[in-house]
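Visitor: I have a structure I would like to understand better, so I am pasting it below and will then ask my questions one at a time.
The values are calculated or read from the model by the stated rules, or taken from the named source; none is laboratory data. Everything quoted here is computed from the prediction, not taken from an experiment. Here the Cβ positions follow ideal geometry from the backbone for every residue, glycine too, while neighbour counts run over all protein chains shown. Areas reflect the complete protein model, heavy atoms only, side chains present, ligands, DNA and RNA absent. Shrake-Rupley method; radii C 1.70, N 1.55, O 1.52, S 1.80 Å.
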Amino acid sequence: MLSLIAAAAAAAAAVLALSGPAAAAPLSDPPEAAAASALEAMHSAAARSDGAAWAERLAPDLVWVGNETSERWNREAFLAFAAPVFARGEGWVYSARERHVTLAPDPCACVAWFDEVLDSETYGTARGEGMLVRDGEDWRVLRYALSYPIPNDLADGMTTEIKAFEAATPVVDAPGEAADTPEEMAAAATLDALHRAASTADGTAYFDLFTPDATYIGTDVTEHWSIAQFRAYAEPYFNRGRGWTYTPRARSLTLAPLDCRCVVWFDEALDSASYGTSRGTGVLVRGDDGKWRVALYALTFPIPNALARDMTGRIRAAAE
């Protein structure tokens, strides 16, 4: 992406400022609080290698997207991956330091999307975005995308390394879920229009494709912006005819299980001449006017598994 500079902390629909797994302070809205607690329970179960409790927090139709673009697991495959790890007592520890939860616009109060910043004992700072669904009183994770944000001051060098690695050792994108409902097709068209507007530096068209309360998350962990903050940053570039081009090469879309059929989750692998592979994840919402707009967009540079330990180690060292 553009090398986005740090901005003031964005306002969010609901926020948890966390200091560790036990710091699950209640949110102001009960459904959002319950959804956040489910995420906390999932991370806590993984940390103590409690496979049964961890699995209980995963929805039957789960899709888990790993840091590398080849990693896309359904629930059965992800449980199979995790089982031997937990059996050895080698669970993974991700402690949320910040989390934002947004309830979907439907009276059922049964779907929410989220983004969170995590601390990992192994990899340092991580980031997760996804969607939760409520079954009775229990919230479970339906979609989760994990990544390791690359700081802006390291982005040029590290993305150049990743491009060279992928040129020599191509990473095959995992097959996803094609748009197969009218709603998903319309949401996909909005994403295509978003990328076209960015590429042609058409700021008016670009920002019309976001909801008024949208959140944009950049590749640096500090970049968590309201759409007003992102607009203030981006419009001067657009006004000078400077856009950015990200070409989708793979995309998955999921219509949320809501009667309104008005919320779609997406994740997409993108190509950029400047930065190589990137990934976008987020949520689109259909408004009262029938138009689909982006409510959450999170951009990241996926790090191939073969480079992950070295690069995240360098990111941690640079932050010390």
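Visitor: Would you mind computing, in nm to one decimal, how far apart the modelled labels at Leu258 and Asp106 are, each placed 7 Å from Cα along Cα→Cβ?
Guide: Placing both labels 7 Å along Cα→Cβ, they lie 0.7 nm apart.
Visitor: Per the 1.4 Å probe, what fraction of the accessible area of the chain, in percent, lies on carbon and sulfur atoms? Walk me through the numbers on the way to the answer.
Guide: On the way: 7110 of 13360 Å².
Of the solvent-accessible surface of the chain, carbon and sulfur hold 53 percent.
Visitor: Starting from the residue with the highest accessible area, list Thr281, Thr204, Thr181 in decreasing order, probe 1.4 Å. Spell out each step's value before the answer.
Guide: Details: Thr281 5, Thr204 110, Thr181 25 Å².
The ranking, largest first, comes out as Thr204, Thr181, Thr281.
Visitor: Please arrange Lys291, Lys163 by accessible surface area, largest first, computed with a 1.4 Å probe and ligands excluded. Please report the intermediate quantities before stating the final value.
Guide: On the way: Lys291 110, Lys163 75 Å².
Of Lys291, Lys163, the descending order of accessible area is Lys291, Lys163.
Visitor: With springs connecting C-alpha atoms under 10 Å apart, model the chain as a Gaussian network and identify which of Leu191, Leu296, Leu79 has the largest mean-square fluctuation.
Guide: Leu79
Visitor: Further question on the same structure: Helix by helix, which DSSP H runs in the chain go 15 Å or more along their axis at the Cα atoms and have an average Kyte-Doolittle hydropathy of 1.0 or more? Please report the intermediate quantities before stating the final value.
Guide: Values: long enough: 30-47 (25 Å, 0.38); 75-87 (17 Å, 1.22); 152-168 (25 Å, -0.18); 182-199 (26 Å, 0.04); 227-239 (17 Å, -0.28); 305-319 (22 Å, -0.16).
Helices meeting the criterion: 75-87.
Visitor: Of Tyr94, Tyr237, Tyr297, which has the largest mean-square fluctuation in a 10 Å C-alpha GNM of the chain?
Guide: Comparing Tyr94, Tyr237, Tyr297 in the GNM, the peak value goes to Tyr237.
Visitor: Between Asp180 and Glu235, with labels modelled 7 Å along Cα→Cβ, what's the label distance in nm to one decimal, could you check?
Guide: Placing both labels 7 Å along Cα→Cβ, they lie 4.2 nm apart.
Visitor: Per DSSP H run of at least 4 residues, take -39500 (n - 2.57); add these up for the chain, divide by its residues and hand me the 222 nm value, nearest 500 deg cm²/dmol. Walk me through the numbers before you get to the answer.
Guide: On the way: 8 runs with 105 residues, N = 320.
When only DSSP H runs of four or more count, the value is -10500 deg cm²/dmol.
Visitor: When averaged across all projection directions, what area in nm² does the alpha-carbon convex hull of segment 191-306 cover? Write out the running numbers ahead of the final one.
Guide: On the way: hull surface 32.1 nm².
Mean projected area for segment 191-306: 8.0 nm², to one decimal.
Visitor: Looking at the calculated P(r) for the chain, what percent of the C-alpha pair distances fall above 28 Å? Don't jump to the answer; show the numbers that get you there.
Guide: Details: 18511 of 51040 pairs.
The proportion of pairs with Cα distances above 28 Å equals 36 percent.
Visitor: Round to the nearest 0.05 the FRET efficiency obtained for Ala87 and Glu56 when R0 = 22 Å and r is the Cβ-Cβ distance.
Guide: Working: r = 17 Å, r/R0 = 0.79.
Rounded to the nearest 0.05, the efficiency is 0.80.
Visitor: Turning to a different aspect of this structure: For segment 92-156, count all C-alpha to C-alpha pairs, find those more than 20 Å apart, and express that count as a whole percent of the total. If you can, show how the numbers build up before the last one.
Guide: On the way: 791 of 2080 pairs.
In whole percent, the share of Cα-Cα pairs in segment 92-156 beyond 20 Å is 38.
Visitor: Per residue, what accessible area does the chain have, given a 1.4 Å probe and all protein chains present, in Å²?
Guide: 42 Å²
Visitor: Another question, if that's okay. Round to the nearest 0.05 the FRET efficiency obtained for Ala317 and Asp156 when R0 = 22 Å and r is the Cβ-Cβ distance. Write out the running numbers ahead of the final one.
Guide: Numbers: r = 18 Å, r/R0 = 0.80.
Efficiency computed from Cβ-Cβ geometry: 0.80.
Visitor: Would you check the accessible area of Ile162, probe 1.4 Å, heavy atoms only, in square angstrom rounded to 10?
Guide: 10 Å²
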